[in-house]
């Protein structure tokens, strides 16, 4: 069982990802594909006259403020356009894909974080009405039902809160949570850099291997921005039973084959 | 087993539909909900600067020209926004809904009609690049897998062509095809009129019962516009084993309960 996370940012070659997924499926591998969609959500939000709003939390992280209108645009783009066009592309390659998001069958459940404490113009403010959350439970029954029947699940990063609200979740953490719940052999996170770099400005400074026990010190020393969530997700997934997590380049030819051949940053037990 | 079609046009009370679906599910009934989305697709197409284009076929029918961009907007709106927000609403009512479209697991398959012969300014023209189709096969395996596991499928009207292209299909005909494939006891089509009317301008002229054998003569004499597809779908569904089709008012309180109590136009064997 391999859980693949791909897409969301710019620059990934999703044709190459789908073609590699099809190759793995042909070889008899069970695969779950988790995708993102922030970049396209931003583009369509702008076009619809509701531009994305990014805020800085009191702890210094930048994140999207997901008001209800943004949540509905996010659902439309990630669970509609991106998810269904990926399913279409995989079907053309002979893969019997089924697209879902975490709201379907309560696949991904968690706490909604409806209040954000942010810093704006040097002042702390409280922003209410946010629709984002962190996954706490993966209801694997539905995934196993589909996988055992030969389908390839394609998952959009929306979850459902305990109160039944759809919430925006991080795709990297979603892939990690799904990998852990399925006790996947590998979780492969494809991104638009070669992996974790010692120097973000220099792609030749790739860190090829990280022992799990030292992952947090690497996280503190080298990970910036979105890479932090990828490493954090990797640590969580491996503590819950995933054998290895590979963070690799999604811009290359055969990105999955290359990741499986050891390219990228491999986090090992 | 009851297949319900609701939504697509204006005026339907989807809160009432969801609440009635929840009531049926609580009573132990198996339900599949099929929805539409043309009206909202038109609104969002306008907002995105790609307004809908309606054409008149040589046989005199008006239909949407679905170029690739329109297909992607349609997928986004019906399989993303409408489908997932319905699933969210049902989940809040305790219904374990799972949203799919016909591309998922090749649920709804058919021929893509990529060329339209239309009449424009009195002249016949050929319009290529259309992404619409008519459902020829329902792959019931996936639906039964979900129904048997206790999920309530919520289906968006996209199908997949034999070549693997996503295509726009009619929601009423989709519900009829699904009803037939599942050998449903009843197919209930909720709309924004009380049923088939003798005089479209007068809601008091409702035709309460139509024997299947006479359905086609009623179709020719009274059905106009979209009502034709509803009656046509009903006839097809009943010829393939559905016991009865009810076309009823979706604007009222408890629309499903009222339809099941015999309101609307009932097409019977």
How high is the FRET efficiency from residue A:200 to residue B:39, r the C-beta distance, R0 45 Å, rounded to 0.05?
0.45
Euclidean distance between Cα centres, segment A:140-179 to segment A:46-63, Å
24 Å
According to the square roots a ≥ b ≥ c of the eigenvalues of the Cα gyration tensor, what is the shape class of segment A:31-76, taking rounded for a/c under 1.5, prolate for a/b larger than b/c otherwise, and oblate for the remainder?
oblate
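With all pairs of different alpha carbon atoms counted, what Kirkwood hydrodynamic radius in Å does segment A:127-269 show?
Radius from the Kirkwood sum: 16.0 Å.
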Fewest-first sequence of A:2, B:188 by Cβ atoms within 10 Å of each Cβ
A:2, B:188
Convex hull over the alpha-carbon atoms of segment A:205-269: what's its volume per residue in Å³?
85 Å³
Tell me, what is the percent relative contact order of chain B, built from C-alpha pairs under 8 Å that lie six or more residues apart?
22 percent
Can you tell me the equivalent ellipsoid semi-axes for chain B? Use √(5λ) from the Cα gyration tensor, largest first, whole Å.
27, 23, 18
What does the copy distance list look like for residue B:1, label position 7 Å along Cα→Cβ, in nm and ordered from shortest?
3.0
Hey, fewest Cβ within 10 Å first, where do A:115, B:41 land in order?
A:115, B:41
Assuming 1.002 mPa s and 20 °C, estimate D for segment B:1-148 with Stokes-Einstein, Rh taken as the Kirkwood radius over Cα pairs, in µm²/s.
125 µm²/s
Teacher prompt: residue B:69 distances to equivalent labels in other copies, 7 Å Cα→Cβ, nm
2.3
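Report the antiparallel proportion of the DSSP beta bridges in the protein assembly as shown as a percent, rounded to a multiple of 5. Kindly include the intermediate steps, with their values, before the conclusion.
Working: 47 of 103 bridges.
The answer is about 45 percent antiparallel.
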May I have the convex hull volume per residue, in Å³, for the Cα set of segment A:19-98?
119 Å³
Packing-based exposure ordering (other Cβ within 10 Å, fewest first) of B:204, B:63
B:204, B:63
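Can you give the % of DSSP beta bridges in segment A:1-93 that are antiparallel, to the nearest 5?
Bridges in segment A:1-93 are about 40 percent antiparallel.
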At 222 nm, what value in deg cm²/dmol follows for the protein assembly as shown if DSSP H runs of at least 4 each add -39500 (n - 2.57) and the sum is divided by all its residues, to the nearest 500?
-9500 deg cm²/dmol
Ratio to report: Rg/Rh of the protein assembly as shown, with Cα atoms as the point set and Rh obtained by the Kirkwood method; give two decimals.
1.00
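All of the numbers you see were taken from the coordinates with simple rules; none came from a lab. All values derive from a computational prediction rather than experimental measurement. Quick reminder, even Gly has a Cβ in these numbers, built from the backbone with ideal geometry, and neighbours come from all protein chains shown.
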